[in-house]
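Trainee: Take a look at the following structure, please.
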Amino acid sequence: MIARVEPLTRARALRGPFDYRLGEDLRGVRVGSTLLVPFGRRRVLGVVVELAERSEMAPERLVEPLAAPEAAVPPALVRLGLWVAEEYCSTPARGLALVLPPGTGTGARRPRPREPLRARLTEAGWGALAGRGGERLGPRQRAALGALRRGALPAAELARATGGHATLRRLERRGLLALEPLPESPRRPRTARTLGPGAGAPRPTAAQASALAAIRRRLESRGGRPLLLHGVTGSGKTEVYLRAVAAALERRRSAIVLVPEIALTPQTAGRFVERFGESVAVLHSALSARERYADWKRLRSGEARVCVGPRSAVFAPLDDLGLIVVDEEHDGSYKQDGDPRYDARLVAERRAAAEDAVLLAGSATPRAESFARYERLSLPDRVDGRPLPPVEVVGMVGAGGALHERARDALSEVRRRGEKGIVLLNRRGWSNFLSCGVCGRVWECPRCDVTLVLHRAAAAMACHHCGHREPVPSACPDCGSVSLARHGAGTEQLERELAALLAPLPVFRLDSDSAAAGGVADVLARFDAAPAGVLVGTQMVAKGHDFPEVTLALVLDADATLRFPDFRAEERTFALVAQLAGRSGRGAREGRVIVQALDPEARPLRHAAGHDAEGFLRGELARRKALGYPPFGHLVRVVCASAEPGPELAAVRAVRDALTTAGVPALGPAALFRRQGKSRAQVVVKSRERARAIEQVGAAVERAAAEHGRRGVSFAVDVDPA
Ligand code: ADP
Ligand code: ZN
Ligand code: ZN
């Protein structure tokens, strides 16, 4: 037997697959197995992507793999990983890395310990600590052995504490410590139920029931066009997902539920655990490597049949997949930032189609693409039959981030009645930027062409792109003036203003700064527990929270997002306002919504005020059609970066020229602002023929990289840039 193996190397130029002969002892190897293979003079980890009877290679050149260290990945996932690599102009190794067990990694020369290990002192180790046997120990080695005097420790923790796995491996080789499998840790407690709607599940409304009937039909017919559950906020979409998952399980099929960041909406994941107990694996970023691996194995073995998690959960190793749910499908977190820049929604669509599973995307504010392409199921009303809260849009010409009179009154009303409010301002920090009142100097990041944001509590000026920080100046270094002006308010300043305005009503702040300090869950829990109060923050406050006491939702500078040159700006603005509006009036008391904007007539705001998602989407689709934007056209963006200005532009020009020669029109080059010390430029292809555009861009980049890569230019390809 011949195994075609794709080596997991970082090098872009090395493209497999390469053939290896399988000996008797490797009979069990199949598509999806990982193998340690000789590769030139090295040994590398590779994935079997195909099995064959014979090879084109000369028999004397065929070598045997060294070992098969790992459980196999399902073949369907191998194909999916390779598809992602192509669709997003990445390498097979990087595509495959997405579907491998956590911890496998690209470029690994040897498999890292996959099973959790523990370290224990051997006789020789005790001797070495006591100075016997002539063993010489470095400081790290001594520390590692010393830490084991009182008993065995998990290897991962010991490595973290004493300078890495390499130290432990070296000690193991010298026989001074032993690494052995860790005894199974007791499973995290879960509730017992495994199937069915269970007690306490509400009776579906008529709209929910008809959506569920359509989903069941799809499960029976094994797939088909993706479904879009378009339901207003509070219409009970989660209940539909729960019952859809139950329906898949009843048919002996598994399910994946993709959710935006779990830390922001732990309630949703919690409801799946509550209903399906032991059969759920919840993946989230806070898990340790060992926990992640344990979850992978539970899914792979079929012990867990439902996987709830963020975008990477789309690669969960489940067999007999019946359903993929994409909750809040408009959420930006479904797009991966690093290479491959995959979109989990598109990967979900692909996977569902390949495995005859049903794709069910849901949102109150779906993307124009899904609205146009998917079959719609709608939940037009809130579950309790209450109307959506009235929305008032007020003009703020020249007033910046300050509060409108109506907003002040509404907030005072919240205080007087002991209710809750949520205030959204999509700018963190204290002031947007600082300038000298005399010479006009503006404080900018030394590594990025953006202004520094003042953070008062941290007494620092910070760059929101690279993390650069510097102390707040007391005088202008250019002219010596001490009259420094602060412009534009951020969430930190707003929190202070609101606290003063509304005392003694407590004010809570939720943005990535406060999240870093105390944790998102902590802020949300305190807001939830308080009898009354105001939550202020960035777009994080507009996620799917369900706080019944909230009666006021307030958006400041709502059209700020419209001032970015981006074809998604309108959609984002509409979604942000509509989602925040959905947080108000979910309980017994009626809610209201106030939207402050420079241009109250802006199309997304008008439609958001009327709770008119369909009207907005119809207009949006007409606009996109006229301009050739998705779903009518596809965008592929190439960004080049270099340490010095110049080479990045030359590289982008080379890409554009190659594309022009190939008959693919490209927009650019356009210079981008400098970021993290790198000069950047981009070229964008807008095309109706997606596959062709992707292929041509890939070829053009490969050609340009061969020449310009040597000059230190890096290339990033982004298909469907967010
Ligand atoms: P959405 O996700 O559409 O915003 P949720 O799924 O959060 O809405 O539902 C809002 C609330 O309504 C939740 O508290 C949920 O338990 C409840 N709910 C859902 N379906 C029903 C139903 N059929 N009958 C009564 N309450 C329901
Ligand atoms: Zn000055
Ligand atoms: Zn910076």
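Trainee: Could you pull out every one of the strands (runs of 3 or more DSSP E) wholly within segment 460-552 that has 3 or more residues that are at pLDDT below 90?
Mentor: The qualifying strands (runs of 3 or more DSSP E) are 484-489.
Trainee: Hey, among the residues in segment 80-98 that are aliphatic (A, V, I, L, M) and under 19 Å from the mean Cα position of the chain (by Cα), which one's nearest to R350 (Cα to Cα)?
Mentor: L80
For every residue, the table says whether it meets (1) closer than 27 Å to W296 by Cβ; (2) modelled with pLDDT under 95; (3) within 16 Å of ligand 2 (Cβ to nearest atom).
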{"position": "A178", "(1), (2), (3)": "yes, yes, no"}
{"position": "S185", "(1), (2), (3)": "yes, yes, no"}
{"position": "A192", "(1), (2), (3)": "yes, yes, no"}
{"position": "A209", "(1), (2), (3)": "no, no, no"}
{"position": "I215", "(1), (2), (3)": "no, no, no"}
{"position": "T233", "(1), (2), (3)": "no, yes, no"}
{"position": "V240", "(1), (2), (3)": "no, no, no"}
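Trainee: I'm checking my understanding of the structure. Among residues of segment 349-371 that are part of a helix (DSSP H, G or I) and charged (D, E, K, R), which one is nearest to A613 (Cα to Cα)?
Mentor: Selected residue: E369.
Trainee: Given the residues R54, R94, which is the only one that is farther than 18 Å from R15 by Cβ and either in a helix (DSSP H, G or I) or at pLDDT 70 or above (or both)?
Mentor: Just a single option satisfies the conditions, and that option is R54.
Trainee: While we're looking at this one, here's another question. If you check every pair at least six apart or on different chains, which have Cβ atoms under 8 Å apart with a residue in segment 202-219 that is within 19 Å of D384 (Cβ to Cβ) first and a residue that is surrounded by fewer than 18 Cβ atoms within 10 Å (Cβ to Cβ) and of a type in the set (S, T, N, Q) second?
Mentor: From residues that are within 19 Å of D384 (Cβ to Cβ), the pairs are A207/S378; A211/S378.
Per-residue answers, yes or no, for (1) of a type outside the set (S, T, Y); (2) touching a residue at least 40 places away in the same chain (Cβ under 8 Å); (3) within 15 Å of ligand 1 (Cβ to nearest atom):
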{"site": "G270", "(1), (2), (3)": "yes, no, yes"}
{"site": "V282", "(1), (2), (3)": "yes, no, no"}
{"site": "A304", "(1), (2), (3)": "yes, no, no"}
{"site": "V314", "(1), (2), (3)": "yes, yes, no"}
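Trainee: In segment 473-502, what count of residues is obtained for those that are free of Cβ contacts under 8 Å to residues at least 40 places away in the same chain, in contact with a strand residue (DSSP E or B) (Cβ under 6 Å, 6 or more places away or on another chain) and over 30 Å from G421 (Cβ atoms)?
Mentor: Total satisfying the criteria: 0.
Trainee: Give me the pairs: first residue in segment 247-259 and over 12 Å from A352 (Cβ atoms), second residue of a type in the set (V, I, T) and not in a strand (DSSP E or B), beta-carbon distance under 9 Å, and six or more apart or on different chains, which are they?
Mentor: A247/I215; L249/T194; V257/V245; V257/T268; V259/T265; V259/T268
Trainee: Please find, within segment 18-42, the residue that is farthest from D339 (Cα to Cα) out of those that are in contact (Cβ under 8 Å) with a residue 60 or more places away in the chain and surrounded by 18 or more Cβ atoms within 10 Å (Cβ to Cβ).
Mentor: In this case the residue turns out to be L36.
Trainee: Tell me, which residue of segment 560-578 that is surrounded by fewer than 17 Cβ atoms within 10 Å (Cβ to Cβ) and in a loop (DSSP other than H, G, I, E, B) is nearest to the chain's Cα centre (by Cα)?
Mentor: D566
Trainee: Based on this model, can you work out whether R703 counts as closer than 21 Å to S370 by Cα and of a type outside the set (A, V, I, L, M, F, W, C)?
Mentor: No: the conditions fail for R703.
Trainee: Follow-up question, since we're still on this one. Across segment 423-445, what is the total count of residues that are of a type outside the set (D, E, K, R) and free of Cβ contacts under 8 Å to residues at least 40 places away in the same chain?
Mentor: Final tally of qualifying residues: 4.
Trainee: Exactly one condition in (1) more than 22 Å from R79 (Cα to Cα); (2) under 35 Å from the mean Cα position of the chain (by Cα); (3) not β-branched (V, I, T) is false for R41; which is it?
Mentor: (2)
Trainee: Could you go through segment 274-296 and let me know if any residue there is touching a strand residue (DSSP E or B) at 6+ places or on another chain (Cβ under 6 Å), within 16 Å of Y241 (Cβ to Cβ), part of a helix (DSSP H, G or I) and modelled with pLDDT under 90.
Mentor: Within segment 274-296, one or more residues are touching a strand residue (DSSP E or B) at 6+ places or on another chain (Cβ under 6 Å), within 16 Å of Y241 (Cβ to Cβ), part of a helix (DSSP H, G or I) and modelled with pLDDT under 90.
Trainee: Here are G125, G146: which of them is surrounded by 18 or more Cβ atoms within 10 Å (Cβ to Cβ), at pLDDT 70 or above and either part of a loop (DSSP other than H, G, I, E, B) or not basic (K, R) (or both)?
Mentor: Going through G125, G146 in turn, the sole match is G125.
Trainee: Mind listing whichever residues of segment 367-389 are closer than 16 Å to A207 by Cβ and in contact (Cβ under 8 Å) with a residue 60 or more places away in the chain?
Mentor: If the condition is that a residue be closer than 16 Å to A207 by Cβ and in contact (Cβ under 8 Å) with a residue 60 or more places away in the chain, then E375, R376, L377, S378, L379, P380, D381, R382, V383, D384, R386, L388 are the ones that fit.
Trainee: Which condition from (1) over 27 Å from R586 (Cα atoms); (2) surrounded by 13 or more Cβ atoms within 10 Å (Cβ to Cβ); (3) within 16 Å of ligand 3 (Cβ to nearest atom); (4) at pLDDT below 85 is the one that H455 breaks?
Mentor: So the condition that H455 fails would be (4).
Trainee: Please find, within segment 579-605, the residue that is nearest to A402 (Cα to Cα) out of those that are in contact with a Pro (Cβ under 9 Å, 6 or more places away or on another chain) and not in a loop (DSSP other than H, G, I, E, B).
Mentor: Out of the qualifying residues, it is V593.
Trainee: Same structure again: Would you be able to say whether some residue in segment 435-448 is closer than 28 Å to A575 by Cα, part of a strand (DSSP E or B), within 16 Å of ligand 2 (Cβ to nearest atom) and at pLDDT below 90?
Mentor: No, segment 435-448 contains no residue that is closer than 28 Å to A575 by Cα, part of a strand (DSSP E or B), within 16 Å of ligand 2 (Cβ to nearest atom) and at pLDDT below 90.
Trainee: Moving to a separate point now. For the subset of segment 153-175 comprising residues that are assigned to a loop (DSSP other than H, G, I, E, B) and either surrounded by fewer than 16 Cβ atoms within 10 Å (Cβ to Cβ) or not small (G, A, S) (or both), which member is modelled with the lowest pLDDT?
Mentor: By that ranking, first place goes to G164.
Trainee: Continuing with the same structure: I need the full set of residues from segment 373-431 which are of a type in the set (S, T, N, Q) and in a loop (DSSP other than H, G, I, E, B), in order please.
Mentor: N426
Trainee: Output the number of the condition that D356 fails; it satisfies all remaining conditions of (1) on the phi < 0 side of the Ramachandran plot; (2) modelled with pLDDT of 95 or more; (3) not hydroxyl-bearing (S, T, Y).
Mentor: Looking at each condition in turn, D356 falls short on (1).
Trainee: Against the conditions (1) of a type outside the set (A, V, I, L, M); (2) out of contact with any Asp or Glu (no Cβ under 7 Å at 6 or more places or on another chain); (3) at pLDDT 75 or above, where does T106 fall short? Just the number, please.
Mentor: The failed condition is (3).
Trainee: Being crowded, with 23+ Cβ neighbours inside 10 Å and not aliphatic (A, V, I, L, M) is the filter; apply it to segment 344-370 and report the residue that is nearest to P226 (Cα to Cα).
Mentor: Result: S370.
Trainee: Among the residues of segment 412-452, what is the count of those that are away from ligand 3 (no atom under 16 Å from the Cβ) and under 25 Å from L556 (Cα atoms)?
Mentor: Here the count works out to 19.
Trainee: Being surrounded by fewer than 20 Cβ atoms within 10 Å (Cβ to Cβ) and assigned to a helix (DSSP H, G or I) is the filter; apply it to segment 250-268 and report the residue that is farthest from ligand 3 (Cβ to nearest atom).
Mentor: So the residue we want is E250.
Trainee: Answer yes or no as to whether L22 is modelled with pLDDT of 80 or more, of a type outside the set (S, T, N, Q) and under 37 Å from the mean Cα position of the chain (by Cα).
Mentor: no
Trainee: When segment 459-481 is examined, which residues are found to be away from ligand 3 (no atom under 16 Å from the Cβ) and surrounded by 12 or more Cβ atoms within 10 Å (Cβ to Cβ)?
Mentor: V472, P473, A475, C476, C479, S481
The values are calculated or read from the model by the stated rules, or taken from the named source; none is laboratory data. Computed from a prediction, not measured in an experiment: that's the story for all the values here. Please note: Cβ atoms are built from the backbone with ideal geometry, for glycine as well, and neighbour counts cover all protein chains shown.
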